[in-house]
Amino acid sequence: MSEPKQLLLNLFEMGAPGHITHGMWRQEGNQRQRYADLSYWTELAQLLEHGGFDAVFLADVLGGYDVHTGSLAPALRMGLQIPQVDPSVLVPAMAVVTDHLGFGLTASTTYEPPFSFARRISSLDLLTRGRVAWNVVTSYLPGAARNFGLADQIDHDTRYAIAEEFLQVTYALWEGSWDDDAVLADAEAGVYTRPDGVRPIDHVGQHFRVAGPHLVEPTPQRTPLLYQATASSAGIALAGRHAEVVFTGGPNPGVVRRTAEGARAAAEREGRRREDVRFVVQAAIITGRNDDQVAEKLARYRATTDPQGKFVHMSVPFDAPSHPVDRTVREALLAEGRDDLVAAGGLPMDITVGQLATGIDEAWQQHFFVAGTPDVVADEVERWLDEEGIDGINLRQYHSTETARDFVELVAPELRRRGRLREEYEPGQTLRERTTGGGPRLPDTHPAARYRSGR
Ligand SMILES: Cc1cc2nc3c(=O)[nH]c(=O)nc-3n(C[C@H](O)[C@H](O)[C@H](O)COP(=O)(O)O)c2cc1C
């Protein structure tokens with residue numbers, strides 16, 4: 001009999017008091033206010049490594065959620081991704097207290113120059129000995145555009161075209177700029193680095209001009225493990241070309257399957273193998289030692305969730321919950337004096353506010369949701385792996401660190417018994433090796449490989 005498929009296991013985190021479970025920082029005992037305390041991160045990292053997690057996956061945004069009601073006030077009030085800290089600064093602290101845990105960093109291709117970004121990622125990959133993944137995002141918040149000198153968002157597909165060039169620049173720096181044996185550190189000969197082992201990249205493109213050479217010597221993975229979260233055709237095409245793990249979600253299996261099939265087909269068209277792209281979903285798991293504990297947690301989480309949160313998060317531009325449910329979207333906008341939004345279109349004007357709210361609820365609801373004792377959870381995780389075709393999960397947190405601790409103490413042992421989670425880490429493995437089962441560097445079929453010297 002073949003080995004059962006193993007679960008890729010990440011915790012979904014953010015350097016902020018609130019991420020995707022809105023308003024829940026208020027729960028008694030929730031540690032989220034400690035996001036600004038290094039000991040929160042070091043304790044969490046140790047817990048995750050103890051539980052056999054592959055990585056902590058750190059989300060990031062570069063602006064505030066101010067589209068809903070045209071104001072940042074609701075996001076500020078509920079601590080929704082603001083205040084926040086830059087996720088990359090959390091990595092060294094967590095790396096010092098662990099040996100194997102990986103770090104998935106979300107970073108945008110739209111605003112920061114690729115040279116400084118590539119340098120920071122290489123520094124982290126070098127210092128953590130190959131434990132870094134990059135979640136490639138193009139950024140969806142108009143507030144981010146205004147923070148980087150633009151009046152408004154660059155349109156969606158242009159952001160993906162920029163991302164394509166950004167990736168090519170970073171590959172040239174990571175893969176091609178330094179030979180593996182360029183650093184000699186030969187005290188006798190007085191040569192630290194062999195000058196002919198290092199070369200500029202001289203990139204001149206539509207969006208970037210970068211001379212190089214890269215400033216960091218080759219790192220264990222060179223290019224970090226590549227993640228991407230996407231749903232659109234432009235995004236799926238990019239994922240098919242580049243991503244090693246696609247992070248997806250959605251209210252039903254159809255959406256997840258469509259994204260997965262689209263990315264696999266795109267990978268094949270680019271000369272990669274279908275199985276070179278893996279799929280991780282955001283998973284909501286509520287567990288306890290018995291049914292009463294599960295029911296208590298479920299009730300507590302439901303009671304503390306902020307109902308306005310999803311409207312803020314999904315940038316619904318008006319105060320939908322304050323209107324009668326049978327009012328149309330157009331009527332609601334006019335009542336708020338938002339004639340500009342009516343004129344701009346883009347919203348479903350003729351549906352009712354109630355229908356809009358139901359749609360938002362459905363979009364927000366996770367298909368990958370289970371509340372039950374560890375055996376019920378493990379059954380469901382196995383079903384996701386075997387029947388829904390996913391490769392792993394990003395565990396959504398309702399309570400920090402209760403959610404992660406419950407998983408480590410209750411679910412992980414059950415998954416181990418069923419052969420779905422490793423017993424121990426392989427010493428010295430990079431995050432790519434552990435995730436893909438291949439080598440520490442990208443395979444030769446990946447587009448980054450053409451930048452390798454001598455090709
Ligand atoms: C589970 C999940 C997590 C995401 N996390 C982030 C994030 O931390 N920062 C960000 O800017 N975008 C994030 N995104 C948004 C994606 O990068 C992407 O913009 C979104 O899925 C829409 O897809 P599209 O860009 O292909 O239209 C996330 C998306 C998903 C599905």
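The values are calculated or read from the model by the stated rules, or taken from the named source; none is laboratory data. Here the structure is a predicted model, which is why all the values come from computation and not from measurement. Here Cβ is always computed from backbone atoms with ideal geometry, including for glycine, and neighbour counts include all displayed protein chains.
Just a few scattered comments:
- Each residue in the stretch 406-455 was checked for being of a type in the set (G, A, S) and under 21 Å from Q6 (Cβ atoms), and 6 pass.
- Residue match in the stretch 183-201 (condition: away from the ligand (no atom under 16 Å from the Cβ), part of a strand (DSSP E or B), over 27 Å from A55 (Cα atoms) and small (G, A, S)): yes
- Single match in A299, A344, A335, A243 (criterion: surrounded by 15 or more Cβ atoms within 10 Å (Cβ to Cβ) and among the small types (G, A, S)): A243
- A Cβ distance below 7 Å, combined with a sequence gap of six or more or placement on separate chains, defines the contacts here; from the stretch 359-371, residues that are touching a residue at least 40 places away in the same chain (Cβ under 8 Å) and surrounded by 14 or more Cβ atoms within 10 Å (Cβ to Cβ) reach residues that are in a helix (DSSP H, G or I) and acidic (D, E) in the pairs V370/E380.
- Counting only residues that are within 16 Å of the ligand (Cβ to nearest atom) and either among the acidic types (D, E) or at positive phi (or both), the stretch 125-179 holds 4 of them.
- Options R209, R258; residue that is more than 16 Å from the ligand (Cβ to nearest atom) and either under 25 Å from H367 (Cα atoms) or touching a strand residue (DSSP E or B) at 6+ places or on another chain (Cβ under 9 Å) (or both): R209
Per-residue answers, yes or no, for (1) of a type in the set (D, E); (2) not in a loop (DSSP other than H, G, I, E, B):
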residue: A332; (1), (2): no, yes
residue: D361; (1), (2): yes, yes
residue: Q366; (1), (2): no, no
residue: L385; (1), (2): no, yes
residue: I390; (1), (2): no, no
residue: Q397; (1), (2): no, no
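- Tally of residues being within 22 Å of A145 (Cα to Cα) and of a type in the set (K, R) across the stretch 158-213: 2
- Residue satisfying condition, being surrounded by fewer than 18 Cβ atoms within 10 Å (Cβ to Cβ), assigned to a loop (DSSP other than H, G, I, E, B) and either touching a His at 6+ places or on another chain (Cβ under 9 Å) or not hydroxyl-bearing (S, T, Y) (or both), within set D157, D99: D99
- Residue that is farther than 20 Å from G439 by Cα and modelled with pLDDT of 95 or more, where the choices are R131, R159: R159
- Test set (1) outside any loop (DSSP other than H, G, I, E, B); (2) of a type in the set (G, A, S); (3) surrounded by 15 or more Cβ atoms within 10 Å (Cβ to Cβ) - G288 fails condition number: (1)
- Members of the stretch 232-255 found to be out of contact with any strand residue (DSSP E or B) (no Cβ under 7 Å at 6 or more places or on another chain), in a loop (DSSP other than H, G, I, E, B) and either closer than 24 Å to V56 by Cα or within 10 Å of the ligand (Cβ to nearest atom) (or both), listed by number: S232, G250, P251
- Any hit, the stretch 14-36, residues being part of a helix (DSSP H, G or I) and farther than 18 Å from I82 by Cβ: no
- Tally, over the stretch 94-120, of residues that are more than 16 Å from the ligand (Cβ to nearest atom) and within 25 Å of L8 (Cα to Cα): 9
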